[in-house]
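Sharing a structure below in structure tokens format, with a few things to ask.
Every number here is computed from the coordinates shown, using simple stated rules; none is lab data. All values derive from a computational prediction rather than experimental measurement. No Cβ is skipped: glycine too gets one built from the backbone with ideal geometry, and neighbour counts run over all protein chains shown.
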């Protein structure tokens, strides 16, 4: 069994269960020595995942599905991580912004952390409802997560799609407001991120995988039922101060991996033109056998 694992994590609330598992020794109990590395998106570490230098990665369902369709790498989902909730994901504008309603975004620049990712995916149905064409009516600009606040503050972009804790920081530090909640209406309760490994890796390391799943299941359960555990761990691996961590809007931590839920993301992507073909999400979930 491979015992030394390197895990790629996104430094947001999504990764809280990983850090709970590390802090409370759940991996050690399973005989695993886990190290983590902060990543911006799975695309950046595809080489490492393909050659086995990195074992498991946290990625938005939208991103992993995009990579899967491109054929660059084949993944299996091994555990769910995070699900959307109101107030935690949305389009933010500065307090003095002339953009007062969604239709005002016409001709404007919107910052996103990935040009084909969760942000663009969840905005799309809302823009259509407002009569905007996501392909023609405005420009998406790639802005790294850590620059979200400064890009909005400097006016490099007119609006930024953000996730909490950045949503809360933008409100507190810049007086920004949420123009559009992208976890409401047609995108309410959407699955956000999950843990994935390459097909090659899961075939080669079934014992390590099972051990990782057991440790994470314990931690996920704590995150799902004990808000204070998440609040306490967040400042240890993000730039979120404890007082912000205590008040941010958190998404949900699902305790099971459901093909039906992930199928919603795949279908939404197909409708938005982000996937060329329909995907059967169940085929991407790892099952022993």
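Find how many whole Å separate the alpha carbon centroid of segment 1-23 from the alpha carbon centroid of segment 122-156.
30
May I pose another question? What is the Cα coordinate range of segment 150-214 on the first, second and third principal axes, sorted by size from largest, in whole angstrom?
Rounded to whole Å, the extents work out to 49, 28, 20 Å.
For a quick check: sort 14, 133 by the number of other beta carbons within 10 angstrom, fewest at the front.
Details: 14 24, 133 11.
Arranged by neighbour count, lowest to highest, 14, 133 become 133, 14.
Remind me, relative contact order of segment 89-187 in percent, using alpha carbon pairs under 8 angstrom and six or more residues apart? Please report the intermediate quantities before stating the final value.
Values: 166 pairs, mean separation 48.6, N = 99.
Relative contact order comes out at 49 percent.
Hey, what angle do you get for helix 227-237 against the long axis of the chain, alpha-carbon based, 0 to 90 degrees rounded to 10?
It works out to around 90 degrees.
Now, a different point. Looking at segment 89-187, send over the antiparallel percent of its DSSP beta bridges, to the nearest 5.
The answer is about 55 percent antiparallel.
Need one number: the % of Cα-Cα pairs in the chain sitting beyond the 28 Å mark.
Percent of Cα pairs beyond 28 Å in the chain: 35.
Further question on the same structure: Please order 201, 161 by the number of other Cβ within 10 Å, starting at the fewest.
Details: 201 22, 161 28.
Least to most surrounded, the residues fall as 201, 161.
Who wins for biggest fluctuation among 182, 247, 198 in a Gaussian network model of the chain, springs between alpha carbons below 10 Å?
Ranking 182, 247, 198 by mean-square fluctuation puts 247 first.
Still on this model: Taking the Cα centre of each part, how many Å lie between segment 221-276 and segment 172-197?
For segment 221-276 versus segment 172-197, the Cα centre distance is 9 Å.
Let me ask you something else. At q = 0.18, 0.25 Å⁻¹, what log₁₀ I(q)/I(0) does segment 185-250 have when each alpha carbon counts as one equal point scatterer in the Debye sum?
-0.90, -1.08
Do you know the relative contact order of the chain, to the nearest whole percent, from alpha carbon pairs under 8 angstrom that are 6+ apart?
That works out to 30 percent.
When you have a sec, figure out the Kirkwood radius of segment 89-187 from all distinct Cα pair distances and drop it here in Å to one decimal? If you can, show how the numbers build up before the last one.
On the way: mean 1/r = 0.0768 Å⁻¹.
Value: 13.0 Å, from the Cα pair sum.
I would also like to ask the following. Per DSSP helix of 4 or more residues, -39500 (n - 2.57); summed, then divided by the residues of the chain. What does that give at 222 nm, rounded to the nearest 500? Walk me through the numbers before you get to the answer.
Details: 12 runs with 110 residues, N = 289.
It lands at -11000 deg cm²/dmol.
Right, here's the next one. Rounded to the nearest 5, what % of DSSP beta bridges with both residues in the chain are antiparallel? Before the final figure, lay out the partial values.
On the way: 20 of 35 bridges.
The antiparallel proportion sits near 55 percent.
Segment 136-279: Rg/Rh from Cα coordinates, Kirkwood Rh?
Working: Rg = 18.1 Å, Rh = 18.2 Å.
Ratio value, two decimals: 1.00.
Based on the Cα coordinates of segment 57-144, what is the per residue volume of their convex hull in Å³? Before the final figure, lay out each step's value.
Values: hull volume 11.1 nm³, N = 88.
With only Cα atoms used, segment 57-144 gives 126 Å³ per residue.
Using the 10 angstrom Cβ neighbour count as an exposure proxy, how do 166, 77, 61 rank, fewest first? Display every interim value, and only then the final one.
On the way: 166 27, 77 22, 61 30.
Ranked by crowding around the Cβ, least crowded first: 77, 166, 61.
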